[in-house]
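Here the structure is laid out as structure tokens; the discussion comes afterwards.
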Amino acid sequence: MKTILSLLFGFFISISAHAQEIPEVVVGETLEIGEAQQYGYAQIKLPPSNFILKQVGMLNFNDLKGTQVVVSKIKPSGNDEKTVILKRKDGKKFFGKFPFIKASYPKALVSGELNKV
């Protein structure tokens, strides 16, 4: 009896964990860039760091945290995944050189790299 109850309990917990709903994104929506993971951003696709260093001369991921961005384009990219093209809300360029960046929307939202404003 205990094993059946523990299996049912585990089943309901796993279903509730998968039931997190990702809010839809629309063009023109404002998002905020959150904290990077240990080795940089995984779901936000930035230009390679050596390319940024050669073009700009400096690389600081901490400057991105808290930056408000606007969704300018949405591209479907597979199983319930969307790639969003992001531009800065203040009109500046990322790292002073790049006008837009890309991000995997649902994964970046779940990981905390992007946040709804």
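The values are calculated or read from the model by the stated rules, or taken from the named source; none is laboratory data. Not measured: the values here are computed from a predicted model. Every residue, glycine among them, receives a Cβ derived from its backbone with ideal geometry; neighbour counts consider all protein chains shown.
Here are the numbers for this structure:
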item	result
Sole exception among (1) modelled with pLDDT under 75; (2) of a type in the set (S, T, N, Q); (3) surrounded by 11 or more Cβ atoms within 10 Å (Cβ to Cβ) for Q43, by number	(1)
Residue pairs meeting the criteria (Cβ under 6 Å; at least 6 apart or on separate chains; first free of Cβ contacts under 8 Å to residues at least 12 places away in the same chain, in region 36-64; second surrounded by 10 or more Cβ atoms within 10 Å (Cβ to Cβ))	S49/L59; L53/L59
So E24, is it within 15 Å of the chain's Cα centre (by Cα) and outside any strand (DSSP E or B)	yes
Filtered residues of region 29-44 (kept if part of a loop (DSSP other than H, G, I, E, B) and over 10 Å from E113 (Cα atoms))	E29, Q38, Y39
Breaking point among (1) within 20 Å of K116 (Cβ to Cβ); (2) modelled with pLDDT of 90 or more; (3) among the charged types (D, E, K, R), for E21	(2)
Condition check for L114: modelled with pLDDT of 90 or more and either of a type outside the set (D, E, K, R) or out of contact with any Asp or Glu (no Cβ under 8 Å at 6 or more places or on another chain) (or both)	yes
Qualifying position, being farther than 18 Å from G28 by Cβ, of a type outside the set (A, V, I, L, M, F, W, C) and within 15 Å of the chain's Cα centre (by Cα), among K87, K82, K107	K107
Filtered residue count, region 45-100, keeping only those that are over 26 Å from P23 (Cα atoms) and part of a strand (DSSP E or B)	1
Residue within region 85-106 that is aliphatic (A, V, I, L, M) and out of contact with any Phe, Trp or Tyr (no Cβ under 7 Å at 6 or more places or on another chain) present	yes
